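Single-structure report; data block below.
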Amino acid sequence: MKKVGILLSKLDENFILYRQINDYLLKNNVLVLAFVPPVINDKLDYKKLRKIINQFDGVILEGGRDFDKYDLEVVKYLYDNDIPTLGICLGMQMMSCLFNGKMIDLKGHQSNDKYAHFVYLDKHSKLYKILKKQKILVNSRHKSVILKTDLKVNATSNVIEAVSDDNKKFFMGVQWHPESLDDINTYKLFKAFFQALKKN
């Protein structure tokens, strides 16, 4: 059984694991191991982080409200060590901000609809190679958006919707919540992530 670490998101003074991600992974025979940045005396303990990350075959950066410098340090560690990483919503924003991303709050991107709008895929992107579609319907539950980043932009609406670094085994982020859709596009995206786990 493959093991995936979930970097827990913050909600006020607590850390939470979103059930839909947990359930989707378990349904696909993936063991979920949640973790938070090991911070001691206001510094990230890289020795402990390495011990934590070595338990996983890959990591998911889940959605949430906010992130801090320690979260970014974890993302950099994952990137530098080529750990298969999938960012979802806030997770994609963290990945983008690590690479000179500009993030702003923007109203009007939160919807309770299962499908809220289309995103348009770059035909030369890794996401297009995975999904084999130029546009897909997605949900939209985020209050912040990425306006620019040095990562490769895979999909857009009126903002950046997906990013990646194709020189890595798997380093991709999407702005929507695929685990809430559980459609063919979700299946293909997670399948590509799971295949990267097997190579790790």
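No value in this document is a laboratory result; all are computed from the given coordinates. All figures in this text were calculated on a predicted structure; none of them were measured in a lab. Neighbour counts run over all protein chains shown; Cβ positions are idealised from the backbone, glycine included.
Where helices (runs of 4 or more DSSP H) fall wholly inside segment 22-119, the ranges with 3 or more residues that are in contact with an Asp or Glu (Cβ under 9 Å, 6 or more places away or on another chain) and within 19 Å of Pro178 (Cβ to Cβ) are 90-98. Taken over segment 53-106, the criterion of being more than 22 Å from Met1 (Cα to Cα) and aliphatic (A, V, I, L, M) is satisfied by Leu72, Val74, Val75, Ile88, Leu90, Met92, Met94, Met95, Leu98, Met103, Ile104, Leu106. In a residue-by-residue description of segment 85-92, the property of being within 16 Å of Leu8 (Cβ to Cβ), touching a residue at least 60 places away in the same chain (Cβ under 8 Å), surrounded by 16 or more Cβ atoms within 10 Å (Cβ to Cβ) and small (Gly, Ala, Ser) applies to at least one position.
Somewhere in segment 28-47, is a residue of a type outside the set (Ser, Thr, Tyr) and within 22 Å of Lys126 (Cβ to Cβ)? Yes, the conditions are met somewhere in segment 28-47. Across segment 171-181, the number of residues qualifying as crowded, with 21+ Cβ neighbours inside 10 Å and over 20 Å from Val74 (Cα atoms) comes to 3. The set of residues in segment 140-170 that are under 17 Å from Leu78 (Cβ atoms), of a type in the set (Ser, Thr, Tyr) and in a loop (DSSP other than H, G, I, E, B) contains only Thr149.
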